[in-house]
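Step one of this worksheet: look at the structure below.
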Amino acid sequence: MYARRCRQVILLPRKVGVTASERRPTVVHQAPVERSHAGKSPEAPARGGQRSARLPRDERRAQLLAAAQEVFVANGYHGAAMDEIAETAHVSKPVLYQHFPSKRELYIALLESQLSKLTDLLLGALNSTTDNDERVQAVMRAYFHFIASDDQAHRLVFESDLVNDPDVSARLETFNKTFADAVARVIAEDTKLPELESQLLGRGLAGLAHVSARYWLETDGNLDLDVASDLIYRLAWRGISRFPKET
């Protein structure tokens with residue numbers, strides 16, 4: 001049988017006047033190129049000719065989510081393509097599919113990431129002080145600043161193409177409930193109002209922040225961000241402060 005793996009033999013020109021022992025061919029060994037089953041090197045360049053460096057799984061996932069956010073924000077869910085997301089992330093499509101088997105799963109993962117970020121911002125503001133006046137101001141400011149962020153992540157949260165998708169709507173409701181319940185607990189502790197009444201007030205304050213911040217976007221910067229958030233804070237505080245704090 002011929003060799004399973006041959007060495008490439010290159011015969012160099014014979015020199016004049018050399019001995020027989022010097023006439024042996026010179027053997028040049030070329031290291032075999034390690035290839036995948038598909039016949040391509042494992043780290044094939046992504047589209048556009050750029051090679052993506054190997055990254056730990058968590059870092060790669062974060063990179064893919066950042067690229068997906070850019071594409072989804074620009075094109076919406078239905079207008080986004082996995083090809084474009086892979087190209088934006090400078091990876092091959094197989095690498096993208098290793099982490100996210102479908103566009104829908106990628107979108108939901110991104111939505112969860114942004115909802116988690118917003119939840120942390122709001123709960124952090126809510127727990128940043130025990131002064132309720134300052135609490136309301138901090139929460140409104142946090143909500144408005146998230147809406148005003150340059151990365152436009154709010155569009156994934158509040159302008160989703162998949163708002164009627166059961167998984168998407170369930171995650172949005174979980175966020176709304178988590179935020180409203182946190183506000184309701186503060187109200188219940190301070191005023192001793194019944195649980196349902198406190199939850200209704202919590203939902204009302206959360207809705208006030210949401211609707212007013214989204215409307216502020218439509219002013220296209222004609223109304224200063226801090227002025228806008230301060231107006232809504234004052235409205236909310238004048239309402240909620242009417243419920244006396246019990247000691």
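The values are calculated or read from the model by the stated rules, or taken from the named source; none is laboratory data. Note that this is a predicted model, so its numbers are computed, not measured. Here Cβ is always computed from backbone atoms with ideal geometry, including for glycine, and neighbour counts include all displayed protein chains. Areas reflect the complete protein model, heavy atoms only, side chains present, ligands, DNA and RNA absent. Shrake-Rupley method; radii C 1.70, N 1.55, O 1.52, S 1.80 Å.
Using Cα centres only, tell me the gap between region 134-152 and region 178-246 in whole Å.
12
Using the Cα centre of region 115-236 as the reference point, and only Cβ charges (+1 on K/R, -1 on D/E), how large is the resulting charge dipole? Debye, rounded to the nearest 20.
In debye, rounded to 20, region 115-236 gives about 240.
Setting aside same-chain residues fewer than 8 positions from Lys245, which aspartates and glutamates have a Cα under 13 Å from its Cα?
Qualifying aspartates and glutamates at Cα under 13 Å: Asp131, Asp133, Glu189, Asp190.
Which one of Leu162, Ala180, Leu223 is farthest out on the positive end of the charge dipole of region 154-247, using unit charges on Cβ (Lys, Arg +1; Asp, Glu -1) and the Cα centre as origin?
Ala180
Considering only DSSP states other than H, G, I, E and B, which trypsin sites (Lys or Arg not before Pro) in region 116-207 qualify as loop sites with at most 14 other Cβ atoms within 10 Å?
Those that pass, being in a loop and sparsely packed, are Lys192.
What do you reckon, how do Asp120, Asp230, Asp150 stack up by accessible area (1.4 Å probe), largest on top?
Asp150, Asp120, Asp230
Using 7 Å Cα-to-Cβ label points, what is the Arg54/Leu235 separation (nm, one decimal)?
In this crude spin-label approximation the distance works out to 5.6 nm.
Lys and Arg at +1, Asp and Glu at -1: add these up for the other residues within a Cβ distance under 13 Å of Ala148 and post the number.
Cβ neighbours under 13 Å give a net charge of -3.
Evaluate the charge dipole of region 101-171 about its Cα centre and quote only its size in Debye, nearest 20, assuming +1 on the Cβ of each Lys and Arg and -1 on the Cβ of each Asp and Glu.
Dipole magnitude for region 101-171 comes out near 80 debye.
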